[in-house]
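Following: one structure in structure tokens, then a few remarks.
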Amino acid sequence: MIEADVLLRAGGTGNEEPILAHPPQTDSDITLWEWLSEVMKTNRGIKLDFKSLEAVKPSMVLLNGVKTRIKSPVWINADILPGPGGTNMPLDAKRFLEVVTSFFSDVTLSLGWTTGWHPQKSNEGYSWEMVKEMEHICSALSQPVTFPVRAALVRQSWSELLWLLQSSVRYSLTIWTGKDDVYSLEDLLFIREKFDKSRVYFDLLEPRSSEFREAIEKEMKH
């Protein structure tokens, strides 16, 4: 997959176009249209990560215009609930889902929580309240849903996440990490052991990604 963070270019003219930018940046020299035009030439899946609700509809209009040319999977991502250590405001779940599903009834939704990770603190995991609220929202949907969860927070909340994953055959997990997070190779192997391997995706940074791949290959040889 190739992921893009999408915002509306600041301007206030009413004709703002979706661009690739990650807050606090609000401008970019790459528009979503330019990015889609290039990615469609590859066989990579597309993941659009929305940081603002305002960018969703114009982006769906763009995507809808080229959907017959897209041969790879499309994931639409947003943090829609507050999560462990999160300080950013989540997107309004109802409005986000209404806009996306009005254009695409079968696209994979990637629905997460705002999270934080602090090296000097005891980092709490995903609570029962958090996973049950997410399940309540997603039970009303019909399309596949993947839940992006922070690698450094999974081990301390694996029973809650396992319950969420097992609540529907439509659900999967995407394990991601922040660049300064501290987590071990053992944490990743723990996740691989505790969850159905066919329903867990990994979005990891180097060098941990290569270490994990090597450990899996070694495990498979034995």
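Residue-by-condition table, conditions (1) touching a Cys at 6+ places or on another chain (Cβ under 8 Å); (2) more than 18 Å from E38 (Cα to Cα); (3) surrounded by fewer than 13 Cβ atoms within 10 Å (Cβ to Cβ):
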{"residue": "V56", "(1), (2), (3)": "no, yes, no"}
{"residue": "S59", "(1), (2), (3)": "no, no, no"}
{"residue": "D79", "(1), (2), (3)": "no, yes, no"}
{"residue": "P82", "(1), (2), (3)": "no, yes, no"}
{"residue": "G85", "(1), (2), (3)": "no, yes, no"}
{"residue": "L91", "(1), (2), (3)": "no, yes, no"}
{"residue": "V100", "(1), (2), (3)": "no, yes, no"}
{"residue": "S105", "(1), (2), (3)": "no, yes, yes"}
{"residue": "S110", "(1), (2), (3)": "no, yes, no"}
- Query: For region 149-222, which helices (runs of 4 or more DSSP H) that fit wholly inside it have 2 or more residues that are under 16 Å from L111 (Cβ atoms) and in contact with a helix residue (DSSP H, G or I) (Cβ under 9 Å, 6 or more places away or on another chain)?
  - Reply: 158-165
- Message: Restricting to region 112-132, give me the number of residues that are surrounded by fewer than 22 Cβ atoms within 10 Å (Cβ to Cβ), within 23 Å of M1 (Cβ to Cβ) and modelled with pLDDT of 95 or more.
- Response: 1
- Message: Can you pull out every residue in region 142-162 that is under 24 Å from D92 (Cα atoms) and within 17 Å of the chain's Cα centre (by Cα)?
- Response: Q143, P144, V145, T146, F147, P148, V149, R150, L153, L161
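For region 177-196, indicate whether the set of residues that are of a type in the set (S, T, N, Q), within 13 Å of A152 (Cα to Cα) and surrounded by 14 or more Cβ atoms within 10 Å (Cβ to Cβ) is non-empty.
Initially, region 177-196 is screened for residues of a type in the set (S, T, N, Q), giving 177, 184.
Checking the rest, the ones that are also within 13 Å of A152 (Cα to Cα) come to 177, 184.
Filter once more, so that each one left must be surrounded by 14 or more Cβ atoms within 10 Å (Cβ to Cβ): 177.
Taking every residue of region 177-196 in turn, at least one turns out to be of a type in the set (S, T, N, Q), within 13 Å of A152 (Cα to Cα) and surrounded by 14 or more Cβ atoms within 10 Å (Cβ to Cβ).
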- Query: Out of all the residues in region 20-34, is one or more buried (at least 16 other Cβ atoms within 10 Å of the Cβ), part of a loop (DSSP other than H, G, I, E, B) and not polar (S, T, N, Q)?
  - Reply: yes
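Let's see how each residue does on (1) among the small types (G, A, S); (2) under 19 Å from Y171 (Cα atoms); (3) outside any strand (DSSP E or B); (4) in contact with a strand residue (DSSP E or B) (Cβ under 8 Å, 6 or more places away or on another chain):
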{"position": "K47", "(1), (2), (3), (4)": "no, yes, no, yes"}
{"position": "N64", "(1), (2), (3), (4)": "no, no, yes, no"}
{"position": "I76", "(1), (2), (3), (4)": "no, yes, no, yes"}
{"position": "D79", "(1), (2), (3), (4)": "no, yes, no, yes"}
{"position": "E135", "(1), (2), (3), (4)": "no, yes, yes, no"}
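Any idea which residue in region 137-148 is surrounded by the fewest Cβ atoms within 10 Å (Cβ to Cβ), counting only those that are touching a residue at least 12 places away in the same chain (Cβ under 8 Å) and not in a strand (DSSP E or B)?
Just the residues of region 137-148 that are touching a residue at least 12 places away in the same chain (Cβ under 8 Å), to begin with: 137-139, 141-148.
Now restrict to residues that are not in a strand (DSSP E or B): 137-139, 141-144.
Values: I137: 15, C138: 21, S139: 11, L141: 15, S142: 9, Q143: 15, P144: 17.
Checking each candidate, the answer is S142.
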- Consider H222 carefully, then state whether it is more than 30 Å from T68 (Cα to Cα) and at pLDDT below 95. yes
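Give me a count of the residues in region 175-218 that are free of Cβ contacts under 8 Å to residues at least 24 places away in the same chain and of a type outside the set (S, T, N, Q).
Counting residues in region 175-218 that are free of Cβ contacts under 8 Å to residues at least 24 places away in the same chain and of a type outside the set (S, T, N, Q) gives 9.
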- Tally, over region 168-217, of residues that are of a type in the set (G, A, S) and farther than 26 Å from D79 by Cα: 2
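The values are calculated or read from the model by the stated rules, or taken from the named source; none is laboratory data. The model shown is predicted, which means the values in this text are computed figures rather than measured ones. For neighbour counting, all protein chains shown are included, and Cβ atoms are generated from backbone atoms with ideal geometry for every residue, glycine included.
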